[in-house]
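One structure is given here, and the rest of the page talks about it.
We did not get these values from a lab; they are worked out from the coordinates using the rules stated. The structure displayed is predicted, hence computed values, not measured ones. Cβ sites come from the backbone with ideal geometry, for glycine too, and all protein chains shown count toward neighbours.
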Amino acid sequence: MVDDDEFNQYVALRWPRLVRSAVLMGCTEPEAEDLAQATLERCLLKWSRLQQARDRDAYVHRILINILASSRRRRWWGEQPTRHLPEHHSGDETAGVDDTDAMMRALQRLSDDQRVVVVLRYYSHLSEHQTATALGIAPGTVKSRLSRALRILAQDPNLIELRGSR
Amino acid sequence: MTGPHWAALLEEAADRTAVGPPPMQALRVGAARRQRHRCAAKVACLSAAVVLVIGGPLLLANSEVAPQDPRPAAVSTGPDGADTAPAGTRLVGLGRIAIAVPQQWGTNQTKCGVARQDTVIINVGGIDACYASPSAGVDSVELGQGKPRFDFAADDTLEIDGEQAQRQRTTCTKATRDRVQVCAGTVYFPAQATWFRAESTTSRDDVDRTLSGIRIELDRIGVPTYQPLTLNAQGRSGDIYAARLAEAGFDVDIRTRKIPAGTPGYVLDATPTPGTMLPPGSTVAITVIAEPDDPADQVSVGIGTDSKTPTEQFVSDPQIRAGDTLLRLNVGERIWAYAHGRRAYTLAGHLRGDALAIDIWQDGPNYPHSWIATASGRTTITLNIEANGQAVELGKVTVLVN
């Protein structure tokens, strides 16, 4: 029998951040909720092992990344096939570039791999080693992908305006 | 911009997404549905049931089966509480994909590529060109990296612990009077390029039962194989394998061993052996052939005779280099030296004593380092090669002619 209280608590704490991580990785909001739900369903099935795992967050994110990758391969979401990540609908596109729009547009300029690594490191706050576990790659590869991603972000014209204020 | 600035920007961007409460009920129903799907994919999983508690009433995932103990098979835990193999089994794997096999199974217990007893088959290089018919009552599973066997075709797709996999259905050959029935099935993980092929001369169910032991490991990684990398890459195999180990998350300790005429950099072995499941950051020691120190290391020599006594028919390279071997021949018997490697063509043998004479068969394969025992007595053969105009002694053998 799965430990009800602990799992419920885990879901309550992690749900918003998992959904928002998925949005930052390029999902629409409904897709992100589906993705987070699918991830937690799988976590529930192996909860007894996850409870004992040394690095629970890394493995939960690994599950999330795997589902995201397979859904993109299968075009599971029923969206029109596209080579590019779905646009984040910011509502009024004529409203000008504010900080959040600038960030989302800048993320869209990254490759899938780079975007995921940025989100895992700076939003999900996984360490380099945890990120490597989540992605199934070496820590050195995490470092190099992140470095390239940050170089691209630093040169993004939308974000350059923000530098003066930070 | 620094790390905290990126973090703050991402937080602001993410906060724009309004998130409602988690859908707990839907989540548990979905998990129960996945459990049923996973059971349907595993033939051996006939009576498992996951009991999920939602508030008051019990919800049985598999409503066709009477409630049973929902806990999975006993999983022994290590001292740090990490999940280990189920009781009575051991884990063998590549990357994070492992299979639990019975503890008593051997490793690479094959002949001519055919399992002779219950065994794991992993990291096999060249297979002897011989024939062995399958034995009855033997189960095996082979693990590999890269593409699966040439005859693999995916019949189904499934998910194992969240990882996408392809399954080739278990099929059996026809049993005849002279040949046992062989059943085989394969699971392939395309994203990880890792496959498991189970074989059984007992039953189809045994193949399915073996493959149902595949799992994704959370805390450990399987040591990768170095075959057939060594066959294809030869002297570069050491560097390539060390890079693969590092990429997999291991620390690598490279050791060298001198092998005369060996290809420097060729992987000889790895410890722990491929397939062993280890925590990330563990050290794997690999042994590669050392660079030669001098010309004598670049050639391997041996001596053969046509003596009818088996113990007098062959002298190995290490024995020759040790110099303390005594061979006994009869008058009329032949003895010859051979070499392979760099400068093997310069091999020469110098005699001290009168018991041997050079074999005058100039078309022979070992001329001019082939001799005949012509008289009773003792003769010492010293073998040399030539390097940079200098004679380099390799070793010697003493021959006693009766």
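Evaluate the charge dipole of chain B about its Cα centre and quote only its size in Debye, nearest 20, assuming +1 on the Cβ of each Lys and Arg and -1 on the Cβ of each Asp and Glu.
920 debye
Count, for each residue of A:4-13, the Cβ atoms from other chains sitting within 10 Å of its Cβ, then give me the mean as a whole number.
Mean inter-chain Cβ contacts per residue within 10 Å come to 2.
Please report the projected area of segment B:99-209's Cα convex hull averaged over all directions, in nm².
Across all orientations, segment B:99-209 yields a mean hull projection of 7.2 nm².
Treat each spin label as a single point 7 Å out from the Cα along the C-beta direction, and report the B:Leu158 to B:Thr311 distance in nm.
For B:Leu158 paired with B:Thr311, the spin-label model returns 5.8 nm.
Among B:Val29, B:Val288, B:Val120, which one shows the highest mean-square fluctuation when chain B is modelled as a Gaussian network with alpha-carbon springs under 10 Å?
B:Val29
Which of the peptides B:159-171, B:245-257 is most tightly packed, and how do the rest follow, judged by the mean count of other Cβ atoms within 10 Å per residue?
Averaged packing, sorted descending, gives the order B:159-171, B:245-257.
So, in nm, how far is label B:Arg33 from label B:Leu326 when the simple model puts each one 7 Å beyond its Cα toward the Cβ?
8.5 nm
Measuring from label point to label point, each 7 Å out along Cα→Cβ, what is the B:Ala285 to B:Glu393 span in nm?
Computed distance between label sites B:Ala285 and B:Glu393 equals 3.4 nm.
Rounding to the nearest 20 debye, state how big the charge dipole of segment B:200-318 is about its Cα centre with +1 on each Lys and Arg Cβ and -1 on each Asp and Glu Cβ. All intermediate terms of the calculation are to be shown ahead of the outcome.
On the way: 10 positive and 17 negative charges, 63 e Å.
Charge dipole, segment B:200-318, about its Cα centre: 300 debye, nearest 20.
Just need the relative contact order of segment B:275-402 here, percent rounded to a whole number, with Cα pairs under 8 Å and 6+ apart.
RCO, segment B:275-402: 26 percent.
Could you work out, residue by residue across B:155-162, how many beta carbons of other chains sit within 10 Å of that residue's beta carbon, and then give the average as an integer?
The mean count of partner-chain Cβ atoms within 10 Å per residue comes to 3.
For chain B, what value does the Rg/Rh ratio take when both radii are computed over Cα atoms and Rh is the Kirkwood radius, given to two decimals?
In chain B, Rg relative to Rh is 1.16.
Which loop chymotrypsin sites (Phe, Trp or Tyr not before Pro) in segment B:133-202, with loop taken from DSSP, have no more than 12 other Cβ atoms within 10 angstrom of their Cβ?
The qualifying sites are B:Phe150.
How big is segment B:222-279 by the Kirkwood estimate over distinct Cα pairs, in Å? Write out the running numbers ahead of the final one.
Values: mean 1/r = 0.0851 Å⁻¹.
Answer for segment B:222-279: a Kirkwood hydrodynamic radius of 11.7 Å.
Can you tell me, using C-alpha contacts under 8 Å and at least 6 residues apart, the relative contact order of segment B:209-314 as a whole percent?
29 percent
Counting only other chains, what is the mean number of Cβ atoms within 10 angstrom of the Cβ of each residue in peptide A:15-23?
5
Would you mind putting B:89-99, B:310-320 in packing order, based on average other-beta-carbon counts within 10 Å, highest first?
Numbers: B:89-99: 23.3, B:310-320: 14.8.
The peptides rank, most packed first, as B:89-99, B:310-320.
What percent does the relative contact order of chain B come to when contacts are Cα pairs within less than 8 Å and at least six residues apart?
10 percent
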